[in-house]
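Below: one structure, written as structure tokens.
Rule-based calculations on the coordinates, nothing more; no lab input. Source: prediction; values computed, not measured. Note: ideal-geometry Cβ built from the backbone for every residue, glycine included; neighbour counts use all protein chains shown.
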Amino acid sequence: MSKPSFKLGIMGGTFNPIHQGHLVAAEFIWDKFKLEEVLFVPSGKPPHKGNNEIASPENRWMMTVLATASNEHFSVSSIEIERRGESYTRDTVLQLRQMYGEGTECFFITGADAIAEISTWHKTEDLPHLAKFIAVSRPGYKLDIKKIDPRFQKCTYLVEVPALAISSTQIRERIKKEQTIKYLVPEVVEKYIYKNNLYR
Ligand code: NAP
């Protein structure tokens, strides 16, 4: 009988900043897909993005570590931050398969709006064979699976997460307007943002 493969969730995102919606989504998917571990991978230099309003990779990584520290099946990787240039998902998945073993079953978890654009991602030819994709959406956003790149339709799952009514954009806007962000992010992250004067 062959050994069951290790099921790794790879939570990819800019996490600018990480918030309760991301944490609830990761926990919900860990449970639903019976994953062993969810590895948060903050993007170093997100593709398709200017650098306006993006906190430094080190600050985003630190907030992600603080937010996930108390969960024993969550961990954080700095591989995209350490890699030079743009953060391409294919490179990340290949690197993680090397680190965790080639038989690892990888589930790349990210926002449905990002998955909707997957046909424009870098070097996607073999990506459907390297990982499965979990597109998490906020209430009110419906991703039509038939509208995504046909090569990804069979290996993509759509999951709606009500807690994703919270968004990083909303949090940054609230900070600018000096409105409270209490309970939208973990308390340690809230304190880190104020201490380091982020998103003002
Ligand atoms: P983004 O623009 O920051 O986010 C797009 C949407 O998805 C936003 O609504 C965002 O909400 C949500 N989102 C992002 N990450 C999420 C997560 N892990 N769980 C739940 N919702 C999430 O997207 P991005 O960070 O640029 O891209 C997402 C991931 O796709 C990253 O890992 C990125 O490296 C990868 N990607 C790869 C390529 C490529 O290989 N060429 C191209 C594009 C994206 P919040 O703002 O609230 O997080």
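Taking a ≥ b ≥ c as the square roots of the eigenvalues of the Cα gyration tensor of segment 1-101, is the shape rounded (a/c under 1.5), prolate (a/b larger than b/c) or oblate?
Taking the square roots of the gyration eigenvalues as a ≥ b ≥ c, segment 1-101 is oblate.
In this Cβ point-charge picture (+1 for Lys and Arg, -1 for Asp and Glu), the chain has a dipole of about 360 debye about its Cα centre.
Beyond a 19 Å Cα-Cα separation, which of these cross-linked pairs lie in this structure: Lys32/Lys123; Lys45/Lys132; Lys7/Lys34; Lys7/Lys49? Walk me through the numbers before you get to the answer.
Numbers: Lys32/Lys123 29 Å; Lys45/Lys132 23 Å; Lys7/Lys34 8 Å; Lys7/Lys49 30 Å.
Over 19 Å Cα-Cα: Lys32/Lys123; Lys45/Lys132; Lys7/Lys49.
Computed over the chain, the Cα gyration tensor eigenvalues convert (square root of 5λ each) into semi-axes of 27, 18, 17 Å, ordered from largest to smallest.
Segment 7-72 and segment 94-169 have Cα centres lying 14 Å from one another. For the Cα atoms of the chain, what angle does the longest principal axis make with the long axis of helix 89-100, in degrees from 0 to 90, nearest 10? Between helix and principal axis, roughly 70 degrees.
Is the shape of segment 54-138 best called rounded, prolate or oblate, per the rule: a/c under 1.5 gives rounded, else a/b larger than b/c gives prolate, else oblate, with a ≥ b ≥ c the square roots of the Cα gyration tensor eigenvalues? It is rounded, given that a/c, with a ≥ b ≥ c, falls under 1.5.
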